[in-house]
Every structure is written in C-alpha cells, then in structure tokens.
2 protein chains.
Amino acid sequence: MIMKPDSMLKDFFLGFIKIHILYHASKEPIYGAEIQKELRRHGYQISPGTIYPTLHRLKKDGYLEQQSRVVSGKVRNYYTITERGRDALDKSRNKIQELVTEVLEDGR
Amino acid sequence: MIMKPDSMLKDFFLGFIKIHILYHASKEPIYGAEIQKELRRHGYQISPGTIYPTLHRLKKDGYLEQQSRVVSGKVRNYYTITERGRDALDKSRNKIQELVTEVLEDGR
DNA sequence: TAACCGATATCGGTTAATGATATCGCAAAC
DNA sequence: GTTTGCGATATCATTAACCGATATCGGTTA
C-alpha cells in the first residue's frame, strides 16, 4: 500500500503548479512531458489531464508562447515565457514571499 | 469594476489555506470568521462555504481540536492545533521551503 | 420569552482535476 | 511508398471542490 502524499501538500502543490511552470519556462523552453517528470522528482504525480490543459490555459492567457519542434522523430510543443508571463511571475513572487515567509519563519 | 486577483495567485492561495490555518492555530486559538478576516487582509475573499468545511476537515483529520466558547453573547468555535497538526505543519514547512525557494530565488 | 446578532452550518450550481484512452506526426524498416 | 513504432499531446466522462446565498444556532438583554 502506497502512502499518498499528505493532501495538504497536494493542494499546495496544485495551487503552485502554474507558478512553477512559469518559472521553468522563464529559464528555458519546456514541454509537457518534461514538466510532468520534473514534478515527479518533487514527489508529485500530476496527470497529463492536468498538465496539458494548464499549459493551454497559460498560452491562451498570454503567459506562454508555443513553438512546435521535432525531436528524434516526435513532435514536441515547447513553451517559452512571454513578457506578460514574466510580469505575472514577478508579481506572484512578491505575493508568495509575503504569504509564505510568515508561515516558514519559525519552527515550534 | 473590481479587478479580481490574478487567478494564478488565487489558486496558490487556495492551496495554501490549510497550511495557513494550521500556522495561525499553532500561535493561538482561532475561529472561522476571524480567519476569513485575516485572509481578506492578504487581499483574498474566501467564502464561508470554504472556510468552515476546511476547519471541519482539519478537525476530522486530527490536526485541530475544537473548544466552543461564548464571547459577548455569541458562540464561537475556537480551534487549536494538535500535536498531529504540528507535525503536519512542520513537514509541510520543509516541503514548501523546498518547492518555493527555487522559484523565489532570483528576479529576472 | 421574544427579538437580536455574530458566528456557524448547509445547499445546489458551477468549475476544475483526474487518469484512462485515443490521436498525432515523424522516422525507420522493409 | 507504405507500414509500424513511439513519445508526446489531446480529450472525455467521472469525481471532487469551491462558491456565495441563505438558513440556523444559541447566548444575552430588555
């Protein structure tokens, strides 16, 4: 029996996904399956049914732009952050800092 | 026309609520309406339909314990963190630190 | 004992995550 | 040039969660 990650952390993680994606897309072009792997390294199994609609949404909202590229015979949709996305990321950073700092600040 | 907070931050906030609540309940006894005000100070209007079920859930899961108290003629359900809740909070802290630090670390 | 009121509880409607499945499109094989 | 393989992407029905409007609770006071 596999112990699922704490639901609290799962919730946190889901709420954090868009920001996490924007961050990586600000570093280098990313694609769906890669993001999924990256999230797994953090211990969270996020469904493709979540990843892809999220990417589409971020593109539709103008935060990401898409370039299709062929890699070893497969089509990949790479996403890069836009200027608008960068602004949103910066704004989110500040707010997250404010929200999280307090909670993280001290142990028991 | 009131500009709603960015949906990305809203998502983050919703995912963060349980942890935020646990944190405050680790400092002092809290109650629903107070939490709602506290969250508003951060710029987010969270519905009672979210707050109260969340508190019930945290209690049911053993993270909070409840004491009903009468204040100026009104019944209030105060919640305090349990030992189990403290453990969950500490665990969450570590994980959040790991997840957030990277994203916050640098500007553009 | 009736009316008040802050706080809490609840309900139907709506939106979002899920993960299993189907599809896409290029390339290598024959 | 047609077929097959495959990683990546798209989609769909189901399930769960937030929403906010509304109802209810239960001491207190007059």
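The values are calculated or read from the model by the stated rules, or taken from the named source; none is laboratory data. Remember, predicted model here, so these are calculated numbers, not experimental data. For neighbour counting, all protein chains shown are included, and Cβ atoms are generated from backbone atoms with ideal geometry for every residue, glycine included. Just so you know, the surface numbers come from the protein's heavy atoms only, side chains and all, with ligands and any DNA or RNA stripped out. Shrake-Rupley method; radii C 1.70, N 1.55, O 1.52, S 1.80 Å.
Taken over the range B:2-14, the criterion of being surrounded by fewer than 20 Cβ atoms within 10 Å (Cβ to Cβ), in contact with a Lys or Arg (Cβ under 9 Å, 6 or more places away or on another chain) and not polar (S, T, N, Q) is satisfied by B:LYS4, B:PRO5, B:ASP6, B:LYS10, B:ASP11.
The residues of the range B:14-29 that are within 30 Å of A:ASP61 (Cα to Cα) and facing another protein chain (nearest Cβ under 7 Å), listed by number, are B:LEU14, B:GLY15, B:PHE16, B:LYS18, B:ILE19, B:HIS20. Limited to the range A:21-54, what total is found for residues that are away from DNA strand C (no atom under 12 Å from the Cβ), surrounded by fewer than 19 Cβ atoms within 10 Å (Cβ to Cβ) and closer than 29 Å to B:THR54 by Cα? Of the residues in the range A:21-54, 3 are away from DNA strand C (no atom under 12 Å from the Cβ), surrounded by fewer than 19 Cβ atoms within 10 Å (Cβ to Cβ) and closer than 29 Å to B:THR54 by Cα. Among the residues of the range B:58-108, the ones that are touching a residue at least 12 places away in the same chain (Cβ under 8 Å), open to solvent by 60 Å² or more (accessible area, probe 1.4 Å), within 16 Å of DNA strand D (Cβ to nearest atom) and within 20 Å of A:ASP11 (Cβ to Cβ) come to 1 in all.
Contact annotation: residue pairs with Cβ atoms under 7 Å, 6 or more positions apart or on different chains, pairing a residue in the range A:26-38 that is at negative phi with a partner that is assigned to a strand (DSSP E or B) and aromatic (Phe, Trp, Tyr), are A:PRO29/A:TYR78; A:PRO29/A:TYR79; A:ILE30/A:TYR78; A:ILE30/A:TYR79; A:TYR31/A:TYR78; A:TYR31/A:TYR79.
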